[in-house]
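Engineer: Just dropping this structure here.
The values are calculated or read from the model by the stated rules, or taken from the named source; none is laboratory data. Owing to the predicted nature of the structure, the values given are computational and were not obtained by experimental measurement. Note that each Cβ is placed from the backbone with ideal geometry, even for glycine, and that neighbours are counted across all protein chains shown. To get the accessible areas, we keep the full protein, side chains included, count just its heavy atoms, and leave off ligands, DNA and RNA. Shrake-Rupley method; radii C 1.70, N 1.55, O 1.52, S 1.80 Å.
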Amino acid sequence: MKLTNTSFLFFCIIYCLYFLVGSTNVLAQDFNDSIQYHSKRGLSPQNANDLYNAYNYFNESYEDAIKKDDLDRALRCLYFLSSIDFKNGDYSTAEKTAVEGLKIIDDSKGIIDLSNFEISFYNLLGNIYNENRNKDKTLKLYNKVLSLSNTANDSVIVYNNISIVYKRHDEVSKAKDELLKSIKIFPRVSNVREKARVLDNLGVIYSLENNTEGLAFMKQALELREQINDTSSIYTSYSHLAKYFNTIGDKIEAKKYALKANEIANNLNSASYRNNALGLLTDLSDDDFAKAYKQLNDSLYRAERESLNKFALMKYDLGKSELISQKANAKSQLLFVIASFLVVLSCVSYILLRSKHKKDKLQQAFNTESEISKKVHDEIANDVFHVMMKLQNIKPDEELIDDMEHIYNKTRDISKEHNLVDMKGDFDDILDDLILSYNDSKTNVIVKGNSKVNWAAYSEIKRITIYKVLQELLINMKKHSDASIVVITFDTNRKTILINYSDNGIGCKIKKGTGLHNVENRIASLNGTTTFETEMNKGFKAKFKI
């Protein structure tokens, strides 16, 4: 039996997703010191070396036990070797090893009581079939384990594993029922680690149902895990809490737990844990490129995992199946998957580069506008102001003074319209200040939904674009519409923001002059859509989706 570097890395990633993997910790008790030490390292590794050392220990110990005809030690070693291979993602080897253990038990029935081992191997096979997404076979195996179980500790493990099967197949209500069965027998359960796993999983289920008790269960699980100092399961709790708070929009709490998870990942010095933790932090980032990379990374991982699940060899039917043809088929399909990955990667790279080019052009346009604005203000407006001062000294015609003042105000307004937007402070306040600045005795501007938008979730380039678009519309309204009422509403649908503008002005025939053309170009640069609706004397409407 050999533990490769590739399969070891894959284990670490799977172990980060511990909620999806059924517990196999049934036999880790009453061993001699060496077996107890290595069993803990194998089932709950605190760093990368723990797993590797545990695997080597049990492999050597198994060979020695066979030579000495020590069935008890041989079965324990087979169990832990199978468990490590399972967590390692090598399901075919894990299944083969578990089957080997069951055959030893079958051959020894009537000679020695090996029922505890039988329960453990059937439970482990259930986990293996679950990872291969064989729901019926998995449930059959877990129910067999329940029929053989004679302790509350064993039962709570199986109820937990059955709930994971149902959750994986989106049967949330059934998953919750199994976990509640576990809760009922908690007074008879001594295994703190399994209690914590039940509470954490129940918390996740409740959060999916928008049940406020979910958070309390997840925090209770974290407290238990901290009591026994189980680093890897503490990481799982932090991960679930970060995802929960991110889902409800509490970015501060989400980031707090994501940073804690990242700290554990760094302490474990595990690349896969760090990759998972950085993924949590990326989900909280406003950087579109970082999010796009995270999505691509996750999709490649899921595809690889599904591929490995698909090609995993099920050698016990608990019966028998042939290997050779499946290996050949798996190899050809794996090559197809790799080729598909390259195509997907190329497409995504092209999309990202195209998006970056658009955003760079938009930022360049903002910078150019700002430079022009500064020149208009510093050179033209100031010159006009100095001429006005000179004219006042020679007492010219009042009409000339008024004309010059009109030119000065117009120049200053043009500069203000194209100046760089100051994004310091809350963006909803910045928008309110802009919109309400067009509210006067002639025009009533009404704003709806602005404060409900989580503007922090949108990049700065998007926020500046939205500001410029609304500014353009309000300027056009003041210049041309003669409107007395303007209504601007904001709404969101997942990551999409919807903006509706309407006024009761004189309307117009849409010729898409400079103002409306600028609006369309700005929205299009963010891959958004624009719709204008207007008729003479029936007002003007605009809808934007970004």
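Engineer: Does a label point 7 Å from the Cα of Asn210, set along Cα-to-beta-carbon, have any residues of region 436-466 with amide nitrogen under 15 Å, and which are they?
Structural biologist: none
Engineer: Here is a follow-up. Keeping all protein chains in the complex and leaving out DNA, RNA and ligands, what accessible area do you get for His169 with a 1.4 Å probe, in Å² to the nearest 10?
Structural biologist: Ignoring ligands and nucleic acids, His169 comes out at about 60 Å².
Engineer: Holding the Cα-Cα limit at 26 Å, pick out from Lys219/Lys448; Lys144/Lys243; Lys256/Lys545; Lys442/Lys509; Lys137/Lys219; Lys96/Lys176 the pairs that are longer than that.
Structural biologist: Those over the limit are Lys219/Lys448; Lys144/Lys243; Lys256/Lys545; Lys137/Lys219; Lys96/Lys176.
Engineer: Let me ask something additional. Using label points projected 7 Å from each Cα along Cα→Cβ, tell me how many nm separate Leu335 and Lys541, to one decimal.
Structural biologist: Using points 7 Å along Cα→Cβ, the separation is 5.8 nm.
Engineer: At each listed q (0.26 Å⁻¹), what is the log10 of I(q)/I(0) that the Debye formula gives for region 170-224 modelled as equal alpha-carbon point scatterers?
Structural biologist: At q = 0.26 Å⁻¹ the computed log10 ratios are -1.03.
Engineer: Tally Lys/Arg at +1 and Asp/Glu at -1 over every other residue whose Cβ is under 12 Å from the Cβ of Lys251; what's the total?
Structural biologist: -2
Engineer: Just subtract the alpha-carbon distance of Phe532 and Ser115 from 0.36 nm times their residue separation and send over the number in nm, one decimal.
Structural biologist: This chain segment gains 142.7 nm when fully extended.
Engineer: Please find the FRET efficiency linking Asn56 to Ala456, where r is the Cβ-Cβ separation and R0 is fixed at 35 Å, and quote it to the nearest 0.05.
Structural biologist: Calculated transfer efficiency: 0.10.
Engineer: Please report, as a whole percent, how much of the solvent-accessible surface of region 478-546 comes from carbon and sulfur atoms (probe radius 1.4 Å).
Structural biologist: With neighbouring chains kept in place, the figure for region 478-546 is 47 percent.
Engineer: Going highest first, how would you order 143-152, 240-249 by mean Cβ packing within 10 Å?
Structural biologist: Packing order, densest peptide first, comes out as 240-249, 143-152.
Engineer: How much accessible area does Ser173 have with a 1.4 Å probe, in Å² rounded to the nearest 10?
Structural biologist: Around 70 Å² of this residue is reachable by solvent.
Engineer: Please find the FRET efficiency linking Lys448 to Asn143, where r is the Cβ-Cβ separation and R0 is fixed at 56 Å, and quote it to the nearest 0.05.
Structural biologist: Efficiency computed from Cβ-Cβ geometry: 0.50.
Engineer: Near Gly126, within a Cβ-to-Cβ distance under 9 Å, what is the net charge of the other residues, with Lys and Arg +1 and Asp and Glu -1?
Structural biologist: Cβ neighbours under 9 Å give a net charge of +3.
Engineer: To the nearest 10 square angstrom, what accessible area does Lys509 show with a 1.4 Å probe?
Structural biologist: Counting only protein heavy atoms, the figure is 150 Å².
Engineer: Follow-up. Which entries in Lys140/Lys181; Lys184/Lys260; Lys478/Lys543 show an alpha-carbon gap greater than 22 Å?
Structural biologist: In this structure, Lys184/Lys260 lie more than 22 Å apart at Cα.
Engineer: Between Arg188 and Asn229, how high is the FRET efficiency from 1/(1 + (r/R0)^6) when r is the Cβ-Cβ distance and R₀ = 25 Å? Nearest 0.05.
Structural biologist: 0.55
Engineer: Quick one: grab Rg to one decimal and Dmax as a whole number for region 461-546, Cα atoms only, in Å.
Structural biologist: 12.4, 36
Engineer: Oh, and also: Which distance in nm do the two modelled labels at Lys495 and Asn275 give, with both placed 7 Å along the Cα-to-Cβ direction?
Structural biologist: Once both label points are built, they end up 2.1 nm from each other.
Engineer: Related question: Putting +1 on Lys and Arg Cβ atoms and -1 on Asp and Glu Cβ atoms, find which of Asn210, Val156, Ile264 reaches farthest to the positive end of the dipole of region 147-281.
Structural biologist: Ranked along the dipole, the leading option is Ile264.
Engineer: Suppose each label sits 7 Å from its Cα in the direction of the beta carbon; what would the Asn267-Asp440 distance come out to in nanometres?
Structural biologist: 6.3
Engineer: With all distinct Cα pairs included, what does the Kirkwood hydrodynamic radius of region 123-196 come out to in Å, to one decimal, could you say?
Structural biologist: Value: 12.2 Å, from the Cα pair sum.
Engineer: Here is a further query. Ranked from highest to lowest mean number of other Cβ atoms within 10 Å per residue, what is the order of the peptides 229-239, 434-444?
Structural biologist: 229-239, 434-444
Engineer: Got a sec? What order do Ser525, Ser190 fall in by accessible area at 1.4 Å, biggest, i.e. largest, first?
Structural biologist: Ser190, Ser525
Engineer: With a 1.4 Å probe and all protein chains in place, put Lys68, Lys541, Lys452 in order of accessible area, largest first.
Structural biologist: Output order, biggest surface exposure first: Lys452, Lys68, Lys541.
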